[in-house]
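Where a number appears in this text, it was derived from the coordinates with a stated rule and is not lab data. Please read these numbers as outputs of a predicted model, since none were measured by experiment. Ideal geometry is used to build each Cβ from the backbone, glycine not excepted, and the neighbour counts take in all protein chains shown.
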Amino acid sequence: MSVRTKGRRKIIVNEKSYVWYVKLDDDSPFHILNIISEDKKFIISCSLKSKVSYVIRKGLVFQNKQSDGHWERYLLPFRIPEIITPQFISKVILWATQGEQAVKIVWNGSNIPV
C-alpha cells in the first residue's frame, strides 16, 4: 500500500520518492512537518517553531541503519527556517538517510533538554 498523496507534496531525493506535509499537532499548538518515503520505511516528524530543532524518527530506517520502530528523537544539526521549502526538505532527508552519528535526545514527556 502506498502513501496517501492527496493534499501533500512529493519530492524526489537521490532517485527515491518521498511525500511531505505540514499539519497542526493533535496534542499541542505546534505545526508538525512530516516526511514519509513511498515504501513507508522512512518516517520522520519535526516540530516547527520549537526552541530546539529536532526530528522524531518513527520509521524502520534512519541514517542508513535499521531500527526497531520505536519513536526516537534526534537533534537536527541545523535550524528550521521560517518558511519550509523543498530545498530544506531535501536537506533533512539527506541528513536523516545518509548522515552519521545523530545525537539522540532522551525525552521526559514535557520538554527537550539540551
*In nm, give the distance between the simple-model label positions of Glu82 and Lys51, each being 7 Å from the Cα along the Cα-to-Cβ direction.*
2.2 nm
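Using only the alpha carbons of region 13-114, what is the convex hull's orientation-averaged projected area in square nanometres?
6.5 nm²
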*Extension gain, Asp25 back to Lys41 (0.36 nm per residue minus Cα-Cα distance, nm)*: 3.6 nm
*Cα→Cβ-extended label distance, 7 Å offset, between Trp107 and Ser67, nm*: 1.0 nm
*Of Ile43, Ile83, Ile12, which is the most mobile in a GNM of the chain whose springs link Cα atoms less than 10 angstrom apart?*
Ile83
*Of Leu76, Gly59, Leu33, farthest towards positive along the dipole that unit charges on Lys, Arg, Asp, Glu beta carbons give the chain*: Leu33
